[in-house]
Amino acid sequence: MLAMPNPSATAIPERPVLVVDDDAKIVRLVRTYLERDGFAVVTAADGPAALDAIERHRPALVVLDLMLPELDGRAVIRAVRRDDEAGATPIIVLSARGSTLDRIAGLEDGADDYLPKPFSPAELVLRVKSILRRTSSLVPDAAARAPLTLADLVVDLDRYEVARDGQPIPLTRVEFRLLVALIEASGRVLTRDQLLDAVYGQDGADVLDRTVDVHIGRLRDKLGDDADAPRYVATVRGIGYRAARS
């Protein structure tokens with residue numbers, strides 16, 4: 001059974017939250033609300049500065065505008081996801097590009113969440129907390145959990161790592177949680193709503209079903225899986241997905 005998140009538990013990470021936007025007013029607003037809740041914040045105003053800050057600070061999470069000078073936000077996301085060390089950093093897109101196609105494009109690039117402008121800063125802070133609850137261990141003294149396996153994959157639940165033949169496969173946190181949910185279902189089919197709940201919890205109510213398909217596609221690409229002859233993730237048309245082998 002999937003563990004339910006504790007909505008009252010908030011892990012404030014030692015590493016900062018990086019806020020990237022070329023609008024100084026937005027940066028001040030987001031920074032103010034995050035710092036009120038105890039988060040350390042660093043900022044950047046363009047794409048190259050964002051990548052430099054990610055390398056220097058290794059932020060716990062990035063809040064990222066898409067329309068940035070010099071290097072746009074989508075290029076920043078793709079660069080981060082290619083990086084072995086920073087590749088799993090959670091990214092929330094905060095953008096005036098709020099159409100469904102824009103949201104899908106951002107998710108396809110590797111964003112974990114997408115909040116269109118104009119936005120509620122209080123809602124943004126809640127989304128930051130929600131992602132950090134899902135990606136941080138709130139019980140560091142608990143006994144180590146046994147790894148999960150799927151075919152030749154080994155999934156380390158405590159380290160958030162997936163490996164094949166000893167070689168790590170870098171996944172985003174969303175991709176990792178999707179894979180874990182499918183494995184823990186032991187071959188049962190999970191609907192898109194069930195997968196959204198596993199990944200986003202109560203925050204998934206406003207997330208598009210298409211989001212699951214986008215992340216499953218990215219997961220398959222990283223695993224080298226074939227949708228027509230799946231080794232790991234099988235599509236059950238009209239319903240959802242299941243682990244190809246348990």
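Any read-out appearing in this document is the output of simple, stated calculations on the displayed coordinates, not a laboratory observation. Model, not experiment: these values are computed from the prediction. Heads up, the Cβs are rebuilt from the backbone with ideal geometry, glycines too, and the neighbour counts pull from every protein chain shown.
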Q) Under 24 Å Cα-Cα from residue 129, which lysines qualify once same-chain neighbours fewer than 8 residues away are excluded? A) 25, 117
Q.
Can you compute the radius of gyration and Dmax for the chain, using only the Cα atoms, both in Å?
A. 17.6, 50
Q) Which distance in nm do the two modelled labels at residue 149 and residue 85 give, with both placed 7 Å along the Cα-to-Cβ direction? A) 3.3
Q) What dipole magnitude, in Debye to the nearest 20, does the chain give about its Cα centre under +1 on Lys/Arg Cβ and -1 on Asp/Glu Cβ? A) 460
Q. Within the range 46-193, what percent of beta bridges assigned by DSSP are antiparallel, to the nearest 5?
A. 55
Q | Rg to Rh quotient for the range 1-128, alpha carbon positions, Kirkwood Rh | A | 0.95
Q) Assigning unit charges at the beta carbon (Lys, Arg +1; Asp, Glu -1) and nothing else, what dipole magnitude in debye, to the nearest 20, does the range 84-128 show about its Cα centre? A) 320
Q. Semi-axes of the equivalent ellipsoid of the range 68-169: what are they in whole Å, largest first, if each equals the square root of 5 times a C-alpha gyration tensor eigenvalue?
A. 30, 19, 11
